[in-house]
Amino acid sequence: MSDPSHPASDPTHPPASSQPAVSGRPIVLAIENEAADQPLWVGEWIEECGIEVRVVRGWDGDEVPAAVPDGVSGVLALGGAMGAMDDDVAPWLPHERALLADAVGAGVPVLGLCLGAQLLAAAGGGRVELGPVAEVGLSYVMRTEESWDDPVISSIDAPSDRIPAAQWHQDHITVLPDGAVLLLTNDACRVQGFRVGSAAYGLQLHPEVDPQTFDSWAVADDEALVRSGRDPRQAAAEVRQACDDLIRAWRPMTRAWCDQVWARAGEHTPGS
């Protein structure tokens, strides 16, 4: 559904990605793939770090750039019910995958969440497939040995073998791109978090989602929910009850990722 307060791309409304920064703050380009999944908590935490979150609504007709625009220091790729290769359903996805591939190649920090992580993997030559298990509700993930030295994932504030995560997915990343490092995992879905390149991160989970948004997902007719066999009210209650633990775990990780955005912005400041 289109938001009348946000005009689609046309000659009188230049793409959001091309507009100048506000007060010289670094810019993170957030790609929304459906109206139901916005930057939410992660967007708030990025803004807390003094970074501008500039939203591009692919679902509403905004032009998704196929390369990182000048002046952008980070990319946030959000979730959606479509698959990573469902270009017929979401015709902007080829541009989004190209954008993520360009960011990885250029060393621009990326944070891909759920579908965004799957798009990041596919953009690098990985594979995404329908998984044997659909995860819906609260789950727990664990760090891999490689995560301890990672400046972003090591910042998660939770026990290493019991990190709370809000989940809503049925597709799994089954093959990571060449050179990618597995950072988070669990028994239900092997790839829960990874890094590709120097600063591009994919999380299969939803650190951005707040309880109110999860409640709204739980009343939708959704294939992943049906395949999970979960009672949607129980799944939503689990996420609500874990709210404080979810914030405690994922807010410091997001802030650590923002340190990389600031570093990128500093490298590309005129005169630097």
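The values are calculated or read from the model by the stated rules, or taken from the named source; none is laboratory data. Treat the numbers as computed from the prediction; the structure is a model and nothing was measured. Here Cβ is always computed from backbone atoms with ideal geometry, including for glycine, and neighbour counts include all displayed protein chains.
Taking the criterion of being hydroxyl-bearing (S, T, Y) and under 19 Å from D37 (Cβ atoms), the only residue of segment 174-208 that qualifies is Y201.
Filtered by the rule that a residue be of a type in the set (V, I, T), surrounded by fewer than 21 Cβ atoms within 10 Å (Cβ to Cβ) and assigned to a strand (DSSP E or B), segment 130-168 gives a lone residue, V133. Remark: V28 matches the filter, which requires a residue to be among the aliphatic types (A, V, I, L, M), modelled with pLDDT of 95 or more and on the phi < 0 side of the Ramachandran plot. Touching a strand residue (DSSP E or B) at 6+ places or on another chain (Cβ under 7 Å), charged (D, E, K, R), surrounded by fewer than 24 Cβ atoms within 10 Å (Cβ to Cβ) and at pLDDT 95 or above: is that true of D171 in this structure? Spelling it out, D171 is indeed touching a strand residue (DSSP E or B) at 6+ places or on another chain (Cβ under 7 Å), charged (D, E, K, R), surrounded by fewer than 24 Cβ atoms within 10 Å (Cβ to Cβ) and at pLDDT 95 or above. Among the numbered conditions (1) free of Cβ contacts under 8 Å to residues at least 40 places away in the same chain; (2) in a loop (DSSP other than H, G, I, E, B), the only one that S198 does not meet is (1). Is there a residue in segment 258-270 that is among the polar types (S, T, N, Q) and buried (at least 24 other Cβ atoms within 10 Å of the Cβ)? Within segment 258-270, not a single residue is among the polar types (S, T, N, Q) and buried (at least 24 other Cβ atoms within 10 Å of the Cβ).
Here is a list: V55, V89. Which entry is modelled with pLDDT of 95 or more, assigned to a loop (DSSP other than H, G, I, E, B) and β-branched (V, I, T)? None of the other options fit; the residue is V89. Residues in segment 224-234 that are farther than 9 Å from A134 by Cα and either under 21 Å from the mean Cα position of the chain (by Cα) or of a type in the set (K, R) (or both): R230, R233.
Restricting segment 180-223 to residues that are over 18 Å from the mean Cα position of the chain (by Cα) and among the hydrophobic types (A, V, I, L, M, F, W, C), the residue that is farthest from R127 (Cα to Cα) is V219. Residue count for segment 27-41 satisfying the condition of being of a type in the set (A, V, I, L, M), assigned to a loop (DSSP other than H, G, I, E, B) and surrounded by 24 or more Cβ atoms within 10 Å (Cβ to Cβ): 0.
Do we have any residue at all in segment 229-246 that's under 16 Å from P109 (Cβ atoms) and in contact (Cβ under 8 Å) with a residue 24 or more places away in the chain? Within segment 229-246, not a single residue is under 16 Å from P109 (Cβ atoms) and in contact (Cβ under 8 Å) with a residue 24 or more places away in the chain. From the list L111, L119, L100, the lone residue that is in contact with a Ser or Thr (Cβ under 9 Å, 6 or more places away or on another chain), over 23 Å from D221 (Cβ atoms) and modelled with pLDDT of 95 or more is L111. Just to be sure, is A180 surrounded by 24 or more Cβ atoms within 10 Å (Cβ to Cβ), among the small types (G, A, S) and either in contact (Cβ under 8 Å) with a residue 12 or more places away in the chain or at positive phi (or both)? No; evaluated as a whole, the condition is false for this residue.
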